[in-house]
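The values are calculated or read from the model by the stated rules, or taken from the named source; none is laboratory data. Everything numeric here is computed off the predicted structure, so don't read it as measured data. Note that we place each Cβ from the backbone using ideal geometry, even for glycine, and neighbour counts take in every protein chain shown.
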Amino acid sequence: MSEEHTDNLKKARARLIEQRRAFVKVLAGPYERGKTEQAREKFLEMQTAIEAMNRAIEDEERSQGSVHAP
């Protein structure tokens, strides 16, 4: 069951990474007032969410190890 949670977290992280890449593409382009600022804010939100997702994955993997330990 815990492996399923880890797999779901990894899938969700992959989606967040795709979203982050879209915002990076906007940031790498020419400056557009409003659009660039919004992309920067969304990039930071995505990065924060990805980091939280990484911590959750590590936590699930640790809990899997403790469940399977003798």
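Restricting region 16-70 to residues that are among the hydrophobic types (A, V, I, L, M, F, W, C) and modelled with pLDDT under 95, the residue that is surrounded by the most Cβ atoms within 10 Å (Cβ to Cβ) is VAL67. Among the residues of region 34-43, is there at least one that is of a type in the set (Ser, Thr, Tyr) and touching a residue at least 12 places away in the same chain (Cβ under 8 Å)? The answer is no; no qualifying residue exists. Of everything listed in (1) outside any helix (DSSP H, G or I); (2) in contact with a Leu (Cβ under 8 Å, 6 or more places away or on another chain); (3) not β-branched (Val, Ile, Thr), the single unmet condition for MET53 is (1).
Could we say that ARG40 is more than 11 Å from the chain's Cα centre (by Cα) and among the basic types (Lys, Arg) here? Yes.
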